[in-house]
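The structure appears right after this line, and notes come after that.
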Amino acid sequence: MLKRRALLLAGLPLAARASGYDGPLFDAHLHYNDDAQLPHPPADVLARMARAGVRGALVNSRPNDGTLRLVAEHGAQWVPFVRLYRNRADYNGWFADDSIRRMVLDLLAQGSPAGPFRGLGEFHLYDSANADGPTAVALMKLARERGLTVLAHVDGVAVDKLLGHAPGASLLWAHTGIGGEAVARVRELFARHAGLRGELSYRPGVTADGRLTAEWRALLTDHARRFLIGSDTWVTQRWQHYEGLFADYRGWLGQMPGEVAQRIAWGNAAELFQLQPAGPSA
Ligand SMILES: [Zn+2]
């Protein structure tokens with residue numbers, strides 16, 4: 001259904017999409033994992049991005065070779081991140097595994113075909129106590145020292161802990177919490193941590209029947225500089241819905257003032273990662 005809607009939208013001239021935001025988009029949560037690479041080679045990924053109007057992306061993959069392969073391609077502005085996982089087993093132990101820290105240092109030294117790595121993650125903490133693990137602490141301090149952003153799939157308790165280890169570090173909060181963290185809690189954390197931003201894939205509560213909810217309209221407007229959008233292509237199947245996901249974002253972005261929509265769609269990422277202006281669509 002999402003896919004069909006995206007195809008319909010793609011066939012319409014821009015003027016006919018008047019109800020949605022039609023400017024450039026940045027995908028702040030793109031995975032290019034090993035299992036996606038055969039069905040979706042880089043040319044297919046770039047074609048999907050172009051059809052969706054996605055002009056740049058934060059890229060990470062399990063293992064990291066997927067990122068190195070994708071960002072070698074021209075056609076989008078890439079922001080490569082070092083993923084902390086070589087395999088599925090690393091999800092559950094990375095925070096106390098010094099070999100992960102050494103892998104990160106090696107990759108940072110090596111860089112990518114699109115330039116230096118700009119951040120670490122996405123990483124997960126299923127138990128917030130693990131935010132105090134030695135590797136988690138070391139990587140947060142490293143991120144702050146080197147001006148890297150971390151993409152963290154964690155709860156609010158872990159946000160406090162991680163940023164407690166490295167006050168002032170830049171943390172992009174995947175999904176803006178786990179399990180629909182209360183909006184009041186998001187506001188509280190934003191007030192406490194200047195370097196905290198929210199990424200909105202899978203975030204419940206933003207819309208109801210395609211309309212922005214009052215609570216989220218207020219949050220997004222009050223904190224227009226703190227939000228980014230993303231696809232979260234965490235499983236291969238998700239690539240089939242890529243255009244539809246961004247058509248949905250365009251729908252609710254278009255329900256906000258143009259300045260707010262532009263910031264969340266592109267401007268905040270452009271500022272955080274020093275992107276080039278997106279320019280007119282090709
Ligand atoms: Zn993810």
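Name the residue, out of Gly121, Gly115, that is within 16 Å of the ligand (Cβ to nearest atom), in contact (Cβ under 8 Å) with a residue 24 or more places away in the chain and touching a strand residue (DSSP E or B) at 6+ places or on another chain (Cβ under 9 Å).
On the way: Gly115 fails: within 16 Å of the ligand (Cβ to nearest atom).
Only one candidate qualifies: Gly121.
Please enumerate the residues belonging to segment 141-193 that are among the acidic types (Asp, Glu) and open to solvent by 60 Å² or more (accessible area, probe 1.4 Å).
Residues of segment 141-193 among the acidic types (Asp, Glu): 145, 155, 160, 181, 188.
Glu145, Glu188, listed by residue number.
Ala174 meets each of the listed conditions (1) away from the ligand (no atom under 16 Å from the Cβ); (2) within 25 Å of Phe273 (Cβ to Cβ); (3) aliphatic (A, V, I, L, M); (4) touching a residue at least 24 places away in the same chain (Cβ under 8 Å) apart from (1).
Restricting the search to helices (runs of 4 or more DSSP H) fully inside segment 203-282 and requiring at least 1 residues that are within 22 Å of Leu30 (Cα to Cα) and acidic (Asp, Glu) gives 242-253, 268-273. For Ala247, the criteria (1) open to solvent by 20 Å² or more (accessible area, probe 1.4 Å); (2) in contact (Cβ under 8 Å) with a residue 12 or more places away in the chain; (3) more than 23 Å from Leu151 (Cβ to Cβ) hold in every case but one, which is (1).
As a summary of the residue check, Ala138 satisfies the conditions (1) open to solvent by less than 20 Å² (accessible area, probe 1.4 Å); (2) out of contact with any His (no Cβ under 8 Å at 6 or more places or on another chain); (3) in contact (Cβ under 8 Å) with a residue 12 or more places away in the chain except for the one numbered (1). The combined condition, being touching a residue at least 24 places away in the same chain (Cβ under 8 Å) and within 16 Å of the ligand (Cβ to nearest atom), is not fulfilled by Thr221. The C-beta contact set for segment 151-167 (first residue away from the ligand (no atom under 15 Å from the Cβ), second residue acidic (Asp, Glu) and part of a helix (DSSP H, G or I), distance under 9 angstrom, 6+ apart or interchain) comprises Gly156/Glu188; Lys161/Asp132; His165/Asp132; Ala166/Glu145. Screening Glu215 against (1) open to solvent by 40 Å² or more (accessible area, probe 1.4 Å); (2) in contact with a strand residue (DSSP E or B) (Cβ under 7 Å, 6 or more places away or on another chain) leaves a single unmet condition, (2).
The values are calculated or read from the model by the stated rules, or taken from the named source; none is laboratory data. Just so it is clear, the structure is predicted and the values come from calculations on it, not from any experiment. All Cβ positions, glycine included, derive from the backbone under ideal geometry; neighbour counts span all protein chains shown. What goes into the accessible areas is simple: the full protein's heavy atoms, side chains included, and nothing from ligands, DNA or RNA. Shrake-Rupley method; radii C 1.70, N 1.55, O 1.52, S 1.80 Å.
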